[in-house]
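Take a look at the structure set out below.
Quick note: the coordinates plus some simple rules give every number you see, no bench work behind them. As the structure is a computational prediction, the values presented were derived from the model and not from experiment. As a convention, Cβ positions derive from the backbone with ideal geometry for all residues, glycine included, and neighbour counts pool all protein chains shown.
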Amino acid sequence: MAASAYWRTRLHRYRLLGNKCAACGKVFFPPRLVCSYCGSAKLEEYKLAERGKLVEYTVVYSAPKGYDAVVPYVVGIVELENGVRVVAQITDVDVNEVKEGMEVELTIRRLPEQLEGGMICYTYKFRPVIG
């Protein structure tokens, strides 16, 4: 991702912002310009829930360039409390202890690779809820 694109979309990632259709009420993440259900362009910024459950997951053992140092890692589909599903890395958990249905919460973490010019990047991930 180019540094300019990363900068423009940072708030959506850092605050987990999506949007909600004013016409039909559907919620989307990432945000879009037009509702894919009713076709309305009347979409409002919407703060997504920061907790949810892990619906599906996979363990990555063969990583793309830049992620070799963090193998193995877990990527999963998280269904947030408001029903929106988000694909994200699951962190702070041993790959052998991950299970479907586990409760997770939003966390912000540094990406292992830097962008052009050495820009350090962060993104959302989810970690197990403790207690």
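For a label point 7 angstrom out from the Cα of Thr123 toward its Cβ, which stretches of the range 80-103 have the backbone nitrogen within less than 20 Å?
80, 84-95
Could you put Ile120, Ile108 in order, starting from the residue whose Cβ has the fewest other Cβ atoms within 10 Å?
Going from least to most buried by this count: Ile120, Ile108.
Just flag the chymotrypsin sites (Phe, Trp or Tyr not before Pro) in the range 41-131 sitting in loop per DSSP whose Cβ has no more than 14 other Cβ atoms within 10 Å.
Hits after loop and neighbour filter: Tyr61.
First measure r as the distance between the Cβ atoms of Ser40 and Ala69, then evaluate 1/(1 + (r/R0)^6) with R0 = 35 Å and state the FRET efficiency to the nearest 0.05.
For R0 = 35 Å, the calculated efficiency reads 0.20.
Just list whichever of Lys26/Lys99; Lys26/Lys47; Lys20/Lys99 have alpha carbons separated by over 19 Å in the model shown.
The pairs that break the limit, which is 19 Å between Cα atoms, are Lys26/Lys99; Lys20/Lys99.
Rank these for me by crowding, Cys35, Cys24, Cys121, going from fewest to most other beta carbons within 10 Å.
Details: Cys35 20, Cys24 12, Cys121 16.
The most exposed by this proxy come first: Cys24, Cys121, Cys35.
Can you give the net charge of the other residues whose Cβ lies under 14 Å from the Cβ of Phe28, counting K and R as +1 and D and E as -1?
+4
Counting other C-beta atoms within 10 Å, which of Lys125, Lys99 has the fewest, and how do the rest follow?
Exposure proxy ranking, most exposed first: Lys99, Lys125.
Could you pull out every residue, at least 5 positions away or on a different chain, whose amide H is within less than 5 Å of the one on Asn82? Hs are placed 1.01 Å off N in the peptide plane, and Pro or chain starts have none.
Ala49
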